[in-house]
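I have placed the structure first, in the form of structure tokens, so that the comments after it can refer back to it.
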Amino acid sequence: MIQPHQTPSPPPSAPQSNKASSKWLWWQDLGLRHAILENLRGRPRQSRVQVWLIRLSTCVLLWTCLIQLMALAELWHPRLFKGWPPCFDKHRSGVNDASASSPEHVSSKFSAFPPPRLYKSNGYLLVSCNGGLNQMRAAICDMVAISRYLNLTLVVPELDKTSFWADPSDFKDIFDVDHFIFSLQNEVRIVKRLPQKYYEKVRKGKLLSMPPISWSNESYYLSQILPLFKKHKVIRFSKTDTRLANNGLPVWMQKLRCRVNYEALKFTPLIERLGQELVNILLRKGSFVVLHLRYEMDMLAFSGCTHGCTDAEVDMLTKMRFAYPWWKEKIIDSVQKRLDGLCPLTPEETALVLKALGFHRETQIYIAAGEIYGSKRRMASLHGTFPNIVRKEMLLFQEDLKHFQNHSSQMAALDYLVAVNSDVFIPTYDGNMAKVVSGHRRYLGHRKTILLDRQKLVVLLDQYKNGTLDWMLFAVRVQEVENDLMGAPRERKVISERPKEEDYFYANPVECLL
């Protein structure tokens, strides 16, 4: 009987040649394989199962260790995996649920992110935003960018309650505060309130409060503001409007301003829902135009623009202007200011310009504005030319708007949502809403926005009214003036020595449109 490990002997008569040697090696190898096979067949099945179980357990253990290491690394530094595939990073994967009006290609616009930050805070920044909704909105974006640059912890901003509108709304009443904090957690630390240990300092009035210098670049904040934070730990910015330059800033800072504006600043669910309901109601009737008719009492009093007003109305507006000490300009030449293009178009002038631009009588027009000064008398011409004019109060039930009564900023938020989503947006004055909404529409794909060249238009309007121009020539001239002002892509105008006269960043955020 031959044993399993026994190798057959070579034939005795095998010749001692290369051919015979090769044959012998082959025969020997075959025998070895046969022996191994027989040995494996004899191994118990239980031993092989144990080997596979050990291998499986090892693989599971290795994968668990790898996942744990990745999680720890992300906690230690959330940008460690910024170069990995999109599944590791929501914001870079194109997933964006921050706002219903945000574009699908948002991730490509924010590819240039700030350098990795150090998480040791240099202090707490309190901000008191001043102005209306859109002025405060832009200021909040600036404050986040400044906090990120100086590595400050930002306390959720305080909103203006003392301006002409006297709106008692807090940040949480207008914006989704949790979304605001969460969506920016990898850029800047934001807290809902100052830590308890600083309350005594605030109570005793020992808190440093100051307005930063307007139109300042990042070097100002680094050289002059950061040392103050290292000394005082907590500072309140008493004014926040236009405290950051339009131009000359690092691209990552400009993109962060956009990210805050178009992703992080989402309105509350109630405002978002009602805003979408307004848009849906309008769309069911077809396309619609949003006319931002900036002709409220406060605007006219502040600007001194009284064209078309009665003597009694002019007197009332003048008294109002003198009643507010922070409105610095008191004596105003209304006629000259209008010729300089610094006054909003009146409702009567607006009706003529829209008709000259080719809008037909059945055009659906949504008025985004507060109460028009002069009411029915001033609106008669516009209603006569375009009878299909609506406002939010006409489209929603009174019960829906009950929550918003005496909250002008929340009302403005509804108008903002409708304006951003309209087929055409036409502001009659280049105020903060006109600028911020037109910039948002550029960001969403250069949606049609007609910016009125008031300085040229008032000359044509006066010529038409005094009979110098007939209607046909007037309409042709108006269309020529407005031909290049329809929201098409263009570079932002830069006037470094006169920042107030250059294009506003939020009206044309070029760095975010590349």
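Results, tabulated for the structure shown:
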quantity	calculated
Lysines with Cα under 18 Å of Lys330, excluding same-chain neighbours fewer than 8 positions away	Lys319
Length-normalised contact order for the stretch 161-276 - Cα pairs under 8 Å, 6+ apart - percent	39 percent
The stretch 291-343, accessible surface, carbon-and-sulfur percent (1.4 angstrom probe)	63 percent
Phi to ³J(HN,Hα) by Karplus 6.51 cos²θ - 1.76 cosθ + 1.60 over the stretch 298-313, Hz, x for Gly, Pro	5, 5, 5, 5, 5, 7, x, 8, 10, 4, x, 7, 6, 4, 5, 5
Largest-first ordering by accessible area, 1.4 Å probe, given options Leu226, Leu485	Leu485, Leu226
Hits among lysines - C-alpha to C-alpha of Lys435 under 16 Å, sequence gap 8 or more where chains match	Lys448, Lys493, Lys500
Protein accessible area in the stretch 148-287, 1.4 Å probe - carbon and sulfur %	53 percent
Long-range amide H partners of Ala368 with built H, under 5 Å	Leu291, His292, Leu293
Per principal axis, descending, Cα span of the stretch 274-330 in whole Å	46, 25, 14
Along each principal axis, Cα extent of the stretch 324-396, largest first, Å	42, 31, 18
Rg followed by Dmax, in Å, when the stretch 364-454 is reduced to its Cα trace	13.9, 39
In Å², nearest 10: area of His232 left accessible to a 1.4 Å probe	50 Å²
Among 234-241, 427-434, 140-147, 212-219, the order from most to least packed when residues are scored by Cβ within 10 Å on average	140-147, 427-434, 234-241, 212-219
Convex hull volume per residue in cubic angstrom - Cα atoms of the stretch 167-310	223 Å³
Flagged links, alpha-carbon separation over 24 Å, of Lys192/Lys233; Lys204/Lys231; Lys231/Lys328	Lys231/Lys328
In Hz, Karplus ³J(HN,Hα) per residue of the stretch 174-181 (6.51, -1.76, 1.60; θ = phi - 60°; x = Gly, Pro)	10, 10, 6, 5, 5, 5, 4, 5
Filter on Lys120/Lys255; Lys255/Lys402; Lys172/Lys402 - keep pairs with C-alpha separation over 26 Å	Lys255/Lys402
Heavy-atom accessible area order for Arg294, Arg378, largest first, 1.4 Å probe	Arg294, Arg378
Reachable lysines from Lys376, criterion Cα separation under 19 angstrom, eight or more residues apart if same chain	Lys392
Cα centroid separation, the stretch 170-191 to the stretch 302-340 (Å)	39 Å
√(5λ) per eigenvalue of the Cα gyration tensor, the stretch 279-434, largest first, Å	27, 19, 14
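The values are calculated or read from the model by the stated rules, or taken from the named source; none is laboratory data. In this text, all values refer to a predicted model and were calculated from it rather than measured experimentally. Methodologically, a virtual Cβ is constructed for each residue, glycine included, from the backbone with ideal geometry; neighbour enumeration extends over all protein chains shown. With ligands, DNA and RNA removed, areas are computed over all heavy atoms of the protein, side chains included. Shrake-Rupley method; radii C 1.70, N 1.55, O 1.52, S 1.80 Å.
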